[in-house]
Amino acid sequence: MTTATAPMGERMFGTILIANRGEIALRIARTCRELGIRTVAVHSTVDRSTAARFADETIQIGPPPARRSYLNAPAILQAALQAGAEAIHPGYGFLSEDPDFAEACEDTGVTFIGPPAPVLARLGDKTMALRSAADAGLPVLPWSGGTVENAAEAGSAAAEIGFPVIVKAAAGGGGRGMAVVDTARELPSAFARVSSAAAAVFGDGRVYLEKYIDKARHVEVQILADRHGNVVHLGARDCSVQRRHQKLIEESPIPGAPADLTERLCEAAVRGARAVGYVGAGTFEFLLDDEGVFHFIEANCRIQVEHPVTEMVTGVDIVREQILIAAGSPLSIRQDDVTVRGAALECRINAEDPARGFLPCPGRVERLTLPGGPFVRVDGYLDQGLDVPAQYDSLLAKVVVWAPDRRQAIARMDRALGECSVSGVPTTIGFLRGILAHPRFHAAEHSTAFVESLIGADA
Ligand code: ADP
């Protein structure tokens, strides 16, 4: 067997274990193949056939429930040892931001492809992340300054911040574990609701309060940091098209943003990354208010679902950079090498039924046509006859397009989605095309409340 080498000639991993499933597992496998790295995919019993399609070796690690398979750290580490993997790529979700898992990997002698455990611990607690960001001089919204222990403490923090406030789980993620509160009367029940939901979902019921911004845009910066102190940003994304705090359409660059705003945003993210000793690929997330002022809200220590839009405008393969960084190589790009060209959009196609309140709809894909043509990329794991399992998130595929400008990118995305058809399971394709056609989206005048205003807040 040949030993894979990094482009600079340094030693590279021979085998990487992919501790994930679905589109991101396939995405990681593709870059590994290009780097000459052997891949091992671990999978639950329902994902066997998909894993076998893209990986060199597959190892079954447990039954469908995630906590017994994709969250089963001992089984994954055992699989890594069995397969002779030198590194684990955790993808997003599951164990990707778990400091205990990162540490267990290192203890087992397997490289965790992600930030070091102490960085994960620090940024994974949103209150510590806010404090670190504020200490590094990043603007943050008025907040409770730490977690609040009970409804009374929440009350006094809210009085100081001023309503509306948002109650958030310190360990929250994925748009879950938060509630917007307009009046003091609603606060005790919101506090109890978020706290108990967070304890159940994240195993950590601690909550904090933050000023809620009504007409916010969600903007974020992709950064890369190596083990040698080099940090670069790859420009900014706008992810304001959201439903229930979850992103549906993402784009890069931020439409309509003055160059100096994007520059300040990127500079803030790099400063934040340096301040915590960040290593790996990461995202610093901000809310942009209607006066054009940005506020840091959190950092994500993993590859993100929306990373392809950044890849399209910069030409940088972010998964490749993650692997090279983990292998100890210095970044292959300097800040001056990064230019953002044209505009890219990503639409997330979910197996959900918009006519039934976006109910997740697992089932069998009977017929499938995926889009193609110039500057269209599809990251997905769909196949005719595939059973979409009920146990995991409903993301089926991401359609990503690039064009010289945003107007053409929107037209290209609409054309691509028009070519795309899935029968057997309902999808959000038609709904996404409706958003693309909306004048507010065209004018980039939408905030994070835009989708809910279209479908009604309860949908
Ligand atoms: P998660 O980690 O669950 O993704 P975030 O803190 O990133 O949570 O917030 C997700 C989304 O919730 C944001 O993109 C935004 O739409 C909304 N949100 C969060 N905090 C605020 C806030 N202070 N004001 C207005 N909207 C907010």
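The values are calculated or read from the model by the stated rules, or taken from the named source; none is laboratory data. In this text the structure is predicted, and so the values were computed from the model without any measurement. Don't worry about glycine lacking a Cβ; one is built from the backbone with ideal geometry, like all the others, and counts go over all protein chains shown. Note: accessible area is taken over every heavy atom of the protein model, side chains too, but ligands, DNA and RNA are not part of it. Shrake-Rupley method; radii C 1.70, N 1.55, O 1.52, S 1.80 Å.
The condition of being surrounded by 23 or more Cβ atoms within 10 Å (Cβ to Cβ), in contact with a Ser or Thr (Cβ under 8 Å, 6 or more places away or on another chain) and assigned to a helix (DSSP H, G or I) holds for only one of ALA102, ALA80, that being ALA80. Please verify whether region 347-364 includes one or more residues that are within 16 Å of the ligand (Cβ to nearest atom), of a type in the set (D, E, K, R) and not in a strand (DSSP E or B). No. If you go through region 259-275 and keep only what is open to solvent by 30 Å² or more (accessible area, probe 1.4 Å) and at pLDDT 95 or above, you end up with ASP260, THR262, GLU263, ARG264, GLU267, ARG271, ARG274, ALA275.
Looking at region 183-229, which of the residues that are assigned to a loop (DSSP other than H, G, I, E, B) and of a type in the set (Val, Ile, Thr) is farthest from CYS266 (Cα to Cα)?
Residues of region 183-229 assigned to a loop (DSSP other than H, G, I, E, B): 183, 203-206, 212-216, 226-229.
With the extra rule that they be of a type in the set (Val, Ile, Thr), the set shrinks to 183, 213.
Working: THR183: 35, ILE213: 21 Å.
Applying the filter and picking the extreme gives THR183.
Could you go through region 111-134 and let me know if any residue there is over 24 Å from the mean Cα position of the chain (by Cα), away from the ligand (no atom under 16 Å from the Cβ) and modelled with pLDDT of 95 or more. Scanning region 111-134 turns up no residue that is over 24 Å from the mean Cα position of the chain (by Cα), away from the ligand (no atom under 16 Å from the Cβ) and modelled with pLDDT of 95 or more.
Give region 1-19 a look and list any residue that's open to solvent by 10 Å² or more (accessible area, probe 1.4 Å) and modelled with pLDDT of 75 or more, or say none. Once the filter is applied, which keeps residues that are open to solvent by 10 Å² or more (accessible area, probe 1.4 Å) and modelled with pLDDT of 75 or more, region 1-19 yields ARG11, PHE13, GLY14.
Regarding ALA133, is this residue touching a Cys at 6+ places or on another chain (Cβ under 8 Å), surrounded by 22 or more Cβ atoms within 10 Å (Cβ to Cβ) and farther than 24 Å from PHE94 by Cα? No, not satisfied.
Conditions (1) within 16 Å of the ligand (Cβ to nearest atom); (2) in a helix (DSSP H, G or I); (3) farther than 23 Å from ARG30 by Cα, marked per residue:
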position	(1), (2), (3)
VAL241	yes, no, yes
ILE249	yes, no, yes
ALA257	no, no, yes
TYR278	no, no, yes
ALA281	no, no, no
HIS295	yes, no, yes
SER329	no, no, no
THR339	no, no, yes
ALA344	no, no, no
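Residues of region 147-182 that are surrounded by fewer than 19 Cβ atoms within 10 Å (Cβ to Cβ) and closer than 26 Å to LEU265 by Cβ: GLY162, PRO164, GLY173, GLY174, GLY175, ARG176, VAL180.
Here GLU160 meets the list (1) in contact with a Ser or Thr (Cβ under 9 Å, 6 or more places away or on another chain); (2) in contact (Cβ under 8 Å) with a residue 24 or more places away in the chain almost entirely, failing just condition (2). Scanning region 435-459 for residues that are surrounded by 14 or more Cβ atoms within 10 Å (Cβ to Cβ) and not in a loop (DSSP other than H, G, I, E, B) returns ILE435, LEU436, PHE441, HIS442, PHE450, VAL451, GLU452, LEU454, ILE455. Can you name the residue in region 180-223 that is within 15 Å of the ligand (Cβ to nearest atom) and aromatic (Phe, Trp, Tyr) and is also nearest to GLY155 (Cα to Cα) among such residues? Looking at residues that are within 15 Å of the ligand (Cβ to nearest atom) and aromatic (Phe, Trp, Tyr), I get TYR208.
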